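Visitor: Here it is, the structure, as structure tokens.
Since every read-out is calculated from the coordinates, none of them should be taken as a lab result. Note that the coordinates shown come from a computational prediction; the quantities given were computed from them, not determined experimentally. Cβ coordinates were reconstructed from backbone atoms using ideal geometry, including for glycine residues, and neighbour counts include every protein chain displayed.
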Amino acid sequence: MKVMATSITRSSKTLDGKTIVLGITGSIAAVRCVELARELRRCGADVHAVMSREAQKIIHPEAMKYATGHPVITELTGYVEHVEFCGIGGKADMLLIAPCTANTIGKLAHGIDDTTVTTFATTAFGSGVPMLVVPAMHESMYDHPVVIENIGKLTGLGVEFVNPVMEEGAAKIASSDEIVLHAERMLGGRKLAGKRILITGGATAEPVDPIRIITNRASGKTGVELAREAFRRGADVTLIHPGRAGIQGMCEFNVESAADMTATVLAELENGYDVLISAAAISDFTLLPAAGKIKSGQEVTLTLKPAPKLLAGVRLKFPDLRIVGFKAETGVSEAELIKRARESLDSYNLSMVVANDVSAGGMGTDDNDVFIIDGAVKRVTGTKAEIAKAILDKIETVL
């Protein structure tokens, strides 16, 4: 058997070749734009900043020149910069307005064009350049019914929003990570648009008593990275796990036990999905928990019984569903690991199995060494984000 080995490098450029105009308006959150611009550039984007006069009172244009590597547009000149970037056939692939004030949202919604940023937006609207808006303001302003109405109007016109984080009486700008993820989704070609993907992740936990649990070492990082990668490619994503990913636009269920996981997956699949990626480390055993706390200092015997097998239940109820399974073993040879993975592939009629020897690492770490097995066997070593990309590359070919 021939195994193809690949090592994916860290320098995956998800925005490579894309030109993003970053419009900055007069919110105190403008101080976050240096970080945001740098993150966009790390993903390969060519970033050009446009600043309103109010924004220049908060952050100096030289800071954004450093962050983007380009002169900052602070006024419109005879070079007609707004047309150069956002006109028909212009350089920009996206206009990202971050932060965006209530004042600017109102102007965008009503075609008012009296700042550098709003002039770029007017031009982008007229030429069909995608627009991503990231509001930031006081909570009372964000809750203003007219602001809400304006956001609705812009959404209807095709503008996409990254919602703020509500805390301390403020609608704070979303994290740079969240903004970049939405930019990747908007500019990535949406190859999985219209596809529904259900993902499980993390470790389930079986209660011993109201305080104690039996669980395993799985961190749930793989499930989250799979969800992010599927979302990045335009899929409608649902993640069922014991943690919280908090990705805007993604449906998320929080579960604890194997029974909870199985029941939630089976119920959610009734809503219609194209593929299930079963990455969760679901407990093989459960037990009848004690009603009260078991006193410490005494010897306790626990009787474990087999937990329900998720894949068996799913395959019985959804015989035609595409399923990606995961197989974790310890202390086995590569040949034996692949053999056991193929047995799972056949037993549950899976589309693909991702297998690894967790005694060599992978549980709780940021990277892994896995075999992706369908008709062929492919070895992938890298971060869990990179492994998620390799798995979604395979899924993309069959959807």
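Visitor: Tell me which lysines have Cα within less than 21 Å of LYS339's Cα, excluding those fewer than 8 residues away on the same chain?
Guide: Of all the lysines, those that pass the test against LYS339 - Cα under 21 Å, at least 8 places apart if same chain - are LYS2, LYS309, LYS327, LYS378, LYS394.
Visitor: Once you put a point 7 Å from the Cα of SER344 and another 7 Å from the Cα of GLU149, both along the Cβ direction, what distance in nm separates them?
Guide: 5.5 nm
Visitor: Please compute the length gained on full extension between ASP177 and GLU270, using 0.36 nm multiplied by the number of residues separating them and subtracting their Cα-Cα distance.
Guide: 30.3 nm
Visitor: Could I ask something else about it? Note down the magnitude of the dipole of region 19-187 about its Cα centre, charges +1 on Lys and Arg C-beta and -1 on Asp and Glu C-beta and zero elsewhere, to the nearest 20 debye.
Guide: Dipole size: approximately 240 debye.
Visitor: Suppose R0 equals 51 Å. What FRET efficiency, 1/(1 + (r/R0)^6) with r the Cβ-Cβ distance, do LEU316 and ARG38 give to the nearest 0.05?
Guide: Efficiency computed from Cβ-Cβ geometry: 0.55.
Visitor: With an 8 Å Cα cut-off and a minimum separation of 6 or more residues, compute the relative contact order for region 330-399 in percent.
Guide: 23 percent
Visitor: What is the gain in length, in nm to one decimal, between GLU256 and ASP113 on full extension, counting 0.36 nm per residue of separation less the C-alpha to C-alpha distance?
Guide: This chain segment gains 46.3 nm when fully extended.
Visitor: Against the longest principal axis of the chain, how steep is helix 33-42, in degrees 0 to 90 to the nearest 10, with axes from Cα atoms?
Guide: 60 degrees
Visitor: Pop the C-beta distance of ILE88 and ARG53 into the FRET formula with R0 = 30 Å and round what comes out to the nearest 0.05.
Guide: Computed FRET efficiency for ILE88 and ARG53: 0.65.
Visitor: Here is a further query. Using unit Cβ charges (K, R positive; D, E negative) and no other charged atoms, how large, in debye to the nearest 20, is the dipole of the chain about its Cα centre?
Guide: Result for the chain is approximately 740 debye, rounded to the nearest 20.
Visitor: For the charge dipole of region 19-187, defined by +1 on Lys and Arg C-beta atoms and -1 on Asp and Glu C-beta atoms about the Cα centroid, which residue among GLN56, VAL147, GLY26 has the Cα displaced farthest towards the positive pole?
Guide: GLN56
Visitor: Beta carbons within 10 angstrom, averaged per residue: use that to sort the peptides 354-360, 269-275, 322-328, 199-205, highest first.
Guide: Per-residue mean Cβ counts within 10 Å order the peptides as 199-205, 322-328, 354-360, 269-275.
Visitor: For the pairs LYS195/LYS389; LYS65/LYS153; LYS191/LYS389; LYS195/LYS317; LYS18/LYS191, flag any whose C-alpha to C-alpha distance is greater than 22 Å.
Guide: Among LYS195/LYS389; LYS65/LYS153; LYS191/LYS389; LYS195/LYS317; LYS18/LYS191, the Cα-Cα distance tops 22 Å for LYS65/LYS153.
Visitor: To test your reading of the geometry: what angle, between 0 and 90 degrees and rounded to tens, separates the Cα axis of helix 176-187 from the longest principal axis of the chain?
Guide: Helix 176-187 and the main axis of the chain meet at about 80 degrees.
Visitor: Here's another thing I want to ask about it. Any idea which of GLY87, ASN163, PHE253 is furthest toward the positive side of the dipole for the chain, if Lys and Arg beta-carbons carry +1 and Asp and Glu beta-carbons -1?
Guide: Farthest towards the positive end: PHE253.
Visitor: For the chain, set up a Gaussian network in which alpha carbons nearer than 10 Å are linked by springs, and say which option among THR104, THR155, THR215 fluctuates the most.
Guide: Among THR104, THR155, THR215, the largest GNM mean-square fluctuation belongs to THR155.
Visitor: So how tilted is helix 145-156 from the main axis of the chain? Cα-based, degrees 0 to 90, rounded to 10.
Guide: Result, in degrees: 80.
Visitor: Go through ILE338, ILE373, ASN349 and say which Cα lies farthest out towards the positive end of the charge dipole of region 311-399; charges sit on Cβ, +1 for Lys and Arg, -1 for Asp and Glu.
Guide: ASN349
Visitor: Which far-off residues, 5 or more places away or on another chain, put their amide H under 5 Å from the one on ARG322, with H placed in the peptide plane?
Guide: Here LEU276 satisfy the definition.
Visitor: For the chain, which semi-axes, largest first and in whole Å, follow from the square roots of 5 times the eigenvalues of its Cα gyration tensor?
Guide: Semi-axes (√(5λ), whole Å): 45, 25, 19.
Visitor: Moving on. Which order do the peptides 285-292, 226-233 take when ranked by the mean count of other beta-carbon atoms within 10 Å per residue, highest first?
Guide: Answer by packing, highest mean first, reads 226-233, 285-292.
Visitor: Another question about this same structure. With θ set to phi - 60° and the Karplus curve 6.51 cos²θ - 1.76 cosθ + 1.60, what are the ³J(HN,Hα) couplings of region 316-327 in order, to the nearest whole Hz, using x for Gly and Pro?
Guide: Each residue's phi maps through the Karplus curve to give 5, 8, 10, x, 9, 6, 6, 10, 10, x, 10, 10 Hz.
Visitor: Helix-only mean residue ellipticity at 222 nm, the chain, DSSP H runs n ≥ 4 weighted -39,500 (n - 2.57), per residue, nearest 500. What is it?
Guide: Using -39500 (n - 2.57) per qualifying helix, the result is -10000 deg cm²/dmol.
Visitor: Something else: Could you tell me the distance between the Cα centroids of region 31-93 and region 345-374, to the nearest Å?
Guide: 43 Å
Visitor: Report the per residue volume, in Å³, of the convex hull enclosing the C-alpha atoms of region 19-187.
Guide: Cα convex hull per residue, to the nearest whole number: 99 Å³.
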